[in-house]
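Peer 1: Provided herewith is a single structure, encoded as structure tokens, for subsequent inquiry.
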Amino acid sequence: MSTQRGYFTVDEVRAAEAELFTRVPEGVPMRRAAHGLATVVAGELRERTGGVAGRAVTLLVGSGDNGGDALWAGAQLRRRGVAVTAVLLNPERAHAKGLAALRKAGGRVAGQVGDPDLVIDGIVGISGHGALRPRAAEIVAALDAPIVAADLPSGVDPDTGAIEGPAVRADVTVAFGAYKPVHALAAAQCGRIELVPIGLRLPEPNLAALEPVSIGAAWPVPGPADDKYTQGVTGVCAGSATYPGAAVLCAGAAVAATSGMVRYAGTGATEVLNHFPEVIATQTVAAAGRVQSWVFGPGAGTDADARKRLTEILSTDLPVVVDADGLTLLASEPWLVRDRAAATVLTPHAGEFARLTGREVGADRVAAVRELADSWQVTVLLKGRATLVAAPDRPALVNDAGGSWAATAGAGDVLSGIIGALLAAGRDPAWSAAAAARVHALAANLAALDAAPAGAPISASLLSAHVRPAIGVLRRLAHPF
């Protein structure tokens, strides 16, 4: 079983398609894609309306192959008893063979959407860029039927997931041959994503997501010969008199993430011990004792004392996670991490990224996070609904949170604590950041489900309380018991 799901750019998919066309007769790849699309649409009709025959589907058909996919799928649906109407957004450039097939099957062409049970978005495919054109935007804005997108939601950039104006928001997206970056970077626009294989031979991906089962299989748990020291000791330097809660959230997350030990160094010792008596707490980094990793920054402040603590931690040969206030300090003194031999993980949100680099993240988030990782020679986790992780000269990793429940004060403190615990257990920095992001997102979703009432907003404390259950879910995927 693969440990990653790859996402492939337009250029990579086009190259794979060109190779495919040398192995199969003309039209076969489109027929395969259309069959998969029709199968998914039939399943949606059955799930939503109780049947397929007698239902109505409207195709929004643009020019080129994406419109052809929709037309061929419409022909197959028509043969299954579905009333199929095609709205041609560019009649002169509609896919001729697909349109002929639809008409032969009994489908019709009309200028209006009508009142369908479902709409297929075949407006633009992976060659399209920019927002929907005015007529398409007007039609899409007026829809109240569920939408199934052919390959990707029209109006969303296939490589970056950027949205520059009107775009389709699909209920389901049927990916043809390969997942594209849009399916992770703009997952909220895609809805549920179904992959239809068409025979592509794909390269190693430059963007990938860790499969949940692989995270569960590799998560550190005690072995027969382990004790509290061998499983990793996490050092946490977080919190201040102004923000004592950050220390509690960060240290508590480290406690929940592994079975080793957490040592806390800082002014929040009393608060941390009140919540987690198993933590070993001291006032200073020097007095903390031996650790296998450090987490610095959440609520730590940016004064001279905070800078001293950060410098002391970064001078070690241990892996270090730098978050929040630590990133603000690094923005003015980047050389503190650029010359480190040991692993460093930076965890900025968009605003902190801008402070570190002097520029906004921009539309191409993958390129931005890779550039920072390469230029500073660190691992970078860029927060967001789609969290990105980049390490020098390696494929980037992405984690779609599946929701935005973690968009709450203090949630980042929890994430940094989880990453630090994984680093202390000896895990690879990029894997640690991506796996922690998956657990963090799952914990937020579980917390929202358990909220009273379900689906109510959550806080970082509730998220932190669900870190262990989230790890348990992933562990059970790999080790059912």
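The values are calculated or read from the model by the stated rules, or taken from the named source; none is laboratory data. These figures come from a predicted structure and were not determined experimentally. Neighbour counts run over all protein chains shown; Cβ positions are idealised from the backbone, glycine included. Side chains included, ligands, DNA and RNA excluded: accessible areas come from the protein's heavy atoms. Shrake-Rupley method; radii C 1.70, N 1.55, O 1.52, S 1.80 Å.
Peer 1: Would you please give the residues with an amide H less than 5 Å from that of A86, counting only those at least 5 places away or on a separate chain, with H modeled from the backbone geometry?
Peer 2: It is L59, R108, V109, A110, by chain and number.
Peer 1: In whole angstrom, how far apart do the alpha carbon centroids of the range 94-171 and the range 258-331 sit?
Peer 2: 52 Å
Peer 1: Report the extension gain between T39 and K308 in nm, rounded to one decimal, defined as 0.36 nm multiplied by the number of residues separating them, less their alpha carbon distance.
Peer 2: On the way: separation 269, 0.36 × 269 = 96.84 nm, distance 6.15 nm.
Here the answer is 90.7 nm.
Peer 1: Using a Förster distance of 22 angstrom, determine the FRET efficiency expected from the C-beta separation of R394 and A478, and round it to 0.05. Each step should come with its number before you reach the end.
Peer 2: Working: r = 24 Å, r/R0 = 1.07.
After rounding to 0.05, the efficiency reads 0.40.
Peer 1: I'd like the Karplus ³J(HN,Hα) series for the range 95-106: coefficients 6.51, -1.76, 1.60, θ = phi - 60°, whole numbers in Hz, and an x wherever there's a Gly or Pro.
Peer 2: 4, 5, 5, x, 5, 5, 5, 4, 5, 4, 6, x
Peer 1: Could you give the length gained on full extension between A142 and A100, defined as 0.36 nm per residue of separation minus the Cα-Cα distance, in nm?
Peer 2: 12.3 nm
Peer 1: What dipole magnitude, in Debye to the nearest 20, does the chain give about its Cα centre under +1 on Lys/Arg Cβ and -1 on Asp/Glu Cβ?
Peer 2: Details: 42 positive and 45 negative charges, 263 e Å.
Roughly 1260 debye, rounded to the nearest 20.
Peer 1: Additional query: If I fit a long axis through the Cα atoms of helix 429-450 and take the longest principal axis of the Cα atoms of the chain, what angle between them do I get, 0 to 90°, rounded to 10?
Peer 2: Between the helix axis and the principal axis of the chain, the angle is about 80 degrees.
Peer 1: Counting only heavy atoms of protein chains, what accessible area per residue, in Å², does the range 191-281 have with a probe of 1.4 Å?
Peer 2: Working: 3890 Å² over 91 residues.
Spelled out: the 1.4 Å probe surface of the range 191-281, per residue, equals 43 Å².
Peer 1: Would you kindly state how much longer the chain becomes between A342 and T3 on full extension, computed as 0.36 nm times their sequence separation minus their alpha carbon distance, in nm to one decimal? If you can, show how the numbers build up before the last one.
Peer 2: Working: separation 339, 0.36 × 339 = 122.04 nm, distance 2.59 nm.
Length gained between A342 and T3: 119.4 nm.
Peer 1: What order do you get for 58-71, 245-258, 306-319 when each peptide is scored by the mean count of other beta carbon atoms within 10 Å, highest first?
Peer 2: Highest to lowest by the protection proxy: 245-258, 58-71, 306-319.
Peer 1: From the mean inverse distance of alpha carbon pairs (Kirkwood) and the Cα radius of gyration, derive Rg over Rh for the range 343-384. Write out the running numbers ahead of the final one.
Peer 2: Numbers: Rg = 9.1 Å, Rh = 10.1 Å.
Using only Cα positions, Rg/Rh for the range 343-384 is 0.91.
Peer 1: In the range 1-139, what is the volume of the convex hull around the alpha carbon atoms, normalised per residue and reported in Å³?
Peer 2: In the range 1-139, the Cα convex hull volume per residue is 147 Å³.
Peer 1: For mean projected area of the Cα convex hull in nm², several values are listed as (1) 24.8; (2) 31.3; (3) 32.6; flag the one computed from this structure.
Peer 2: Computed from these coordinates, mean projected area of the Cα convex hull in nm² corresponds to label (1).
Peer 1: Per-residue ellipticity at 222 nm for the chain, helices alone: DSSP H runs ≥ 4 residues times -39500 (n - 2.57), over residue total, nearest 500 deg cm²/dmol? Show your work: numbers first, answer last.
Peer 2: Working: 19 runs with 200 residues, N = 481.
One gets -12500 deg cm²/dmol as the mean residue ellipticity at 222 nm.
Peer 1: Suppose R0 equals 25 Å; then what is the FRET efficiency for R48 and A350 from their Cβ-Cβ distance, rounded to the nearest 0.05? Could you put the intermediate results ahead of the total?
Peer 2: Details: r = 37 Å, r/R0 = 1.47.
About 0.10, to the nearest 0.05.
Peer 1: Picking from S154, H183, P29, whose Cα lies most toward the positive end of the charge dipole for the chain (charges on Cβ: Lys, Arg +1; Asp, Glu -1)?
Peer 2: P29
Peer 1: Suppose accessible area is computed on protein heavy atoms with a 1.4 Å probe; arrange K97, K104, K180 from highest to lowest. All intermediate terms of the calculation are to be shown ahead of the outcome.
Peer 2: Values: K97 130, K104 185, K180 5 Å².
Order by accessible area, largest first: K104, K97, K180.
Peer 1: Please state the relative contact order of the chain as a whole percent: Cα pairs under 8 Å, 6+ residues apart? Write down the numbers at each step before the final one.
Peer 2: Values: 1098 pairs, mean separation 60.6, N = 481.
Answer for the chain is 13 percent.
Peer 1: Cβ under 10 Å from C250's Cβ, C250 left aside: what net charge do those residues give with Lys, Arg +1 and Asp, Glu -1? It would help to have the intermediate numbers written out before the result.
Peer 2: Working: positive: none; negative: D323, D413.
After counting each charged neighbour, the total is -2.
Peer 1: Looking at G81, A373, Y7, which one has the Cα that reaches farthest to the positive end of the dipole of the chain (charges on Cβ: Lys, Arg +1; Asp, Glu -1)?
Peer 2: Going by the charge dipole, the pick is G81.
Peer 1: What's the angle, to the nearest 10 degrees (0 to 90), between helix 244-257's Cα axis and the longest principal axis of the chain?
Peer 2: 70 degrees
Peer 1: Pop a pseudo-label 7 angstrom from the Cα along the beta-carbon direction at both H129 and Q112 and give the gap in nm to one decimal.
Peer 2: Simple spin-label model gives 3.8 nm for this pair.
Peer 1: Here's another thing I want to ask about it. Heavy atoms only, probe 1.4 Å: what % of the accessible area of the chain goes to carbon and sulfur, would you let me know?
Peer 2: On the way: 10430 of 19840 Å².
Roughly 53 percent of what the probe reaches on the chain is carbon or sulfur.
Peer 1: A further question on this structure: List the relative contact order of the range 210-327 as a percent without decimals, with contacts defined as Cα pairs under 8 Å and 6+ residues apart. All intermediate terms of the calculation are to be shown ahead of the outcome.
Peer 2: Values: 220 pairs, mean separation 30.1, N = 118.
The value is 25 percent.
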